Amino acid sequence: MKPRRLELLSPAANAEIATQAILHGADAVYIGPPSHGARKSAANSIEDIERLVDFAHQYRARVYATVNTIIYDEEIPEVERLCWRLYHAGVDALIIQDMGILRMNLPPIALHASTQCDIRTPEKAKFLEEIGFSQLVLARELTLAEIKEISEAVSIPVETFVHGALCVSYSGRCHASFALNGRSANRGECAQICRYPFTLVDSNGKVYAKDKYLLSLKDFNASHNLENLIEAGVSSFKIEGRLKDMSYVKNITSLYHNQLDSIISENPDKYCRSSYGKINLKFTPKADKSFNRGFTSYFLEERKPKKIVSLLSPKSQGEKINNISELNNGDGISFYDREGNFTGVNINRIEGNRIIPARNIQIPPLSRLYRTSDIKWEKLLSNDTATRKIPLEVSMDNNGVSATDSRGVRVRLPLTLEFEKANKAPDYKAVFEKLGNTPYFLQDFKSKIDTSRFYRLSELSAFRRELFRLLDTANRATYPFEYRKKENVNVKYPDDKLDYRDNVANNRAKDFYLSHGIKEIQPALETNKKQIKDTVVMTTRHCILRELGMCRKDPGNKNKISYPLFLRYKGGEFELDFDCNACEMKVIKR
């Protein structure tokens with residue numbers, strides 16, 4: 001049995017960051033095209049994406065484009081053109097959530113089901129495989145056992161998030177931003193309502209938490225769970241962060257690259273990477289050096305009560321500082337002031353055990369300090385911090401030169417150069433070691449040249465350049481594109497009706513679901529603003545009661561709270577509804 005191919009999938013706000021992600025160990029990157037990506041502020045031109053594809057495919061790394069917003073009827077021609085342009089640019093797959101795309105005039109490009117599709121059950125996963133998806137991005141709320149159950153139900157790769165910001169609502173089913181200010185998360189315009197401060201009150205007005213970030217989850221970190229995820233059937237490991245900066249992507253990609261390589265080195269018969277190239281990192285990655293709100297493994301291991309919310313601040317906590325000697329002049333630090341606000345300041349200088357801040361500010365004695373900006377670290381990561389080279393074997397004989405690389409690409413060029421006599425044999429290996437800015441390094445060299453034949457090194461250098469040009473051409477010609485799978489038109493959707501949270505926003509999507517057995521379809525909230533009042537705008541596995549030690553399953557909490565509970569914020573309130581059997585919380589716009 002061939003080893004299972006594992007993919008590290010990194011985010012990219014732009015092509016430059018994507019290139020660095022690949023150099024630092026990504027097997028694939030996901031990037032937003034000019035429109036209809038779920039991060040509207042991270043759009044890129046087709047020309048930039050095409051240049052990225054050329055770079056990535058050298059290493060057989062893949063490029064996925066996010067066309068994962070819901071689509072309105074009048075936009076269908078534009079989206080069709082976009083899909084064709086991405087296909088001609090060489091993009092490997094489209095990440096989508098709107099099923100109307102499956103009823104468009106599409107190129108034969110592979111389709112991945114976005115996390116916006118809210119894949120939480122084996123039945124839904126199997127349906128998406130049957131209708132032609134090549135890869136499934138699972139919901140982030142799942143336990144290892146649930147991931148394993150879904151993975152065993154399908155035969156296509158399963159992808160999960162492993163690091164970064166968490167959406168508190170089931171992805172694709174959050175309408176809080178749209179309900180408050182018309183900015184739809186399903187249209188790439190999320191206003192991050194979950195990062196607001198809220199006051200929790202009961203029906204009698206009793207306050208249980210005041211101005212706390214009750215919906216602001218800590219950041220996901222599954223780095224210690226990679227092997228368990230692999231054993232559960234996951235093949236693609238996704239880092240969140242298409243709005244994150246270069247140093248974040250370099251650091252976190254390198255961290256997971258190292259961990260995956262370590263697992264593979266211990267299990268070479270079971271697993272391998274899905275791209276090629278030997279990576280040399282010039283720094284040691286560390287998760288808390290990059291933006292984070294504190295870390296959680298969310299529900300991966302279990303669902304017992306645990307702290308998964310960053311109650312006091314939605315800002316990055318960076319890394320905890322244990323001693324002032326760890327800090328540098330120019331670093332940014334944060335701390336909680338006497339009013340409980342998370343406050344930051346730059347360091348002007350360090351004098352012994354004293355911090356001299358860049359502005360007049362009082363740091364309370366014995367405060368826990370967090371470094372949120374490390375000037376030396378940022379300077380280090382602003383340089384070239386990784387190389388990626390493809391191992392190459394070259395062999396010479398009297399008739400020609402062959403080059404074979406780790407991708408399995410092989411070319412041979414007849415040796416037609418003039419030769420001459422010489423007092424000693426030239427160092428042919430040295431010629432083929434001079435690979436300059438090519439993506440190759442010489443791993444092995446063999447020569448069976450007749451000792452009576454000596455070639456001019458200057459001519460052989462030109463020959464070498466032609467040989468590697470042919471190797472590049474052969475790689476492009478043999479690149480293993482994956483194409484869209486055939487739709488099973490007879491498969492039935494796991495349910496018989498859809499409501500507004502299923503995001504049917506165009507007639508193509510409606511026709512798709514009707515053809516797969518749906519009897520009743522409520523249109524997407526974005527197409528009918530009259531539905532907003534008294535609407536569930538979030539459904540989440542995060543429970544505020546559990547977070548605050550008020551779980552209703554705890555006998556000690558019975559009859560102490562006057563329900564319903566409300567989340568109040570400047571300008572309005574949400575009502576909370578608790579489904580304790582399903583262990584879910586619903587957030588309702590009143």
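What's the total number of residues in region 285-310 that are open to solvent by less than 50 Å² (accessible area, probe 1.4 Å) and either on the phi < 0 side of the Ramachandran plot or without any contact (Cβ under 8 Å) to a residue 60 or more places away in the chain (or both)?
The total comes to 14.
Could you grab the pairs with beta carbons closer than 6 Å, sequence gap of 6+ or different chains, first residue in region 263-284 and more than 22 Å from residue 224 (Cβ to Cβ), second one small (Gly, Ala, Ser) and in a loop (DSSP other than H, G, I, E, B)?
Close Cβ pairs (under 6 Å, with a partner that is small (Gly, Ala, Ser) and in a loop (DSSP other than H, G, I, E, B)) amount to 275/61; 276/406.
Of (1) closer than 30 Å to residue 5 by Cβ; (2) assigned to a strand (DSSP E or B); (3) of a type outside the set (D, E, K, R), residue 408 satisfies all except one. Which?
(2)
Consider residue 73 against the criteria (1) within 19 Å of residue 99 (Cα to Cα); (2) touching a Lys or Arg at 6+ places or on another chain (Cβ under 7 Å): it satisfies all of them except one. Which criterion is unmet?
(2)
Within region 509-535, track down each residue that is out of contact with any helix residue (DSSP H, G or I) (no Cβ under 7 Å at 6 or more places or on another chain) and open to solvent by 30 Å² or more (accessible area, probe 1.4 Å).
510, 514, 515, 519, 520, 527, 528, 529, 530, 533, 534
Name every residue in region 510-534 that is at pLDDT below 85 and either closer than 14 Å to residue 180 by Cα or not in a loop (DSSP other than H, G, I, E, B) (or both), in order of residue number.
Selection gives 529, 530, 531, 532, 533.
Anything in region 289-313 that is over 20 Å from the mean Cα position of the chain (by Cα) and more than 16 Å from residue 548 (Cβ to Cβ)? List them, or say none.
301, 302, 303, 313 - these are the residues of region 289-313 that are over 20 Å from the mean Cα position of the chain (by Cα) and more than 16 Å from residue 548 (Cβ to Cβ).
Only residues that are more than 30 Å from residue 62 (Cα to Cα) and either of a type outside the set (Asp, Glu) or surrounded by 14 or more Cβ atoms within 10 Å (Cβ to Cβ) (or both): list them for region 451-480, please.
Passing the criteria: 451, 452, 453, 454, 455, 456, 457, 458, 460, 461, 462, 463.
State whether the residues of region 443-450 include one that is within 20 Å of residue 387 (Cβ to Cβ), open to solvent by 70 Å² or more (accessible area, probe 1.4 Å) and either under 41 Å from the mean Cα position of the chain (by Cα) or of a type in the set (Phe, Trp, Tyr) (or both).
Looking through region 443-450, at least one residue is within 20 Å of residue 387 (Cβ to Cβ), open to solvent by 70 Å² or more (accessible area, probe 1.4 Å) and either under 41 Å from the mean Cα position of the chain (by Cα) or of a type in the set (Phe, Trp, Tyr) (or both).
Yes or no, residue by residue, for (1) touching a Cys at 6+ places or on another chain (Cβ under 8 Å); (2) open to solvent by less than 80 Å² (accessible area, probe 1.4 Å); (3) hydroxyl-bearing (Ser, Thr, Tyr):
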site	(1), (2), (3)
348	no, no, no
369	no, yes, no
396	no, yes, no
402	no, yes, yes
415	no, yes, no
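Could you list all residues from region 195-207 that are open to solvent by less than 60 Å² (accessible area, probe 1.4 Å) and in a strand (DSSP E or B)?
198, 199, 200, 201
The values are calculated or read from the model by the stated rules, or taken from the named source; none is laboratory data. Only a predicted model underlies this, so the values are computations on that prediction, with no experimental measurement involved. Quick reminder, even Gly has a Cβ in these numbers, built from the backbone with ideal geometry, and neighbours come from all protein chains shown. Keep in mind that these areas ignore ligands, DNA and RNA; they rest on the heavy atoms of the full protein, side chains included. Shrake-Rupley method; radii C 1.70, N 1.55, O 1.52, S 1.80 Å.
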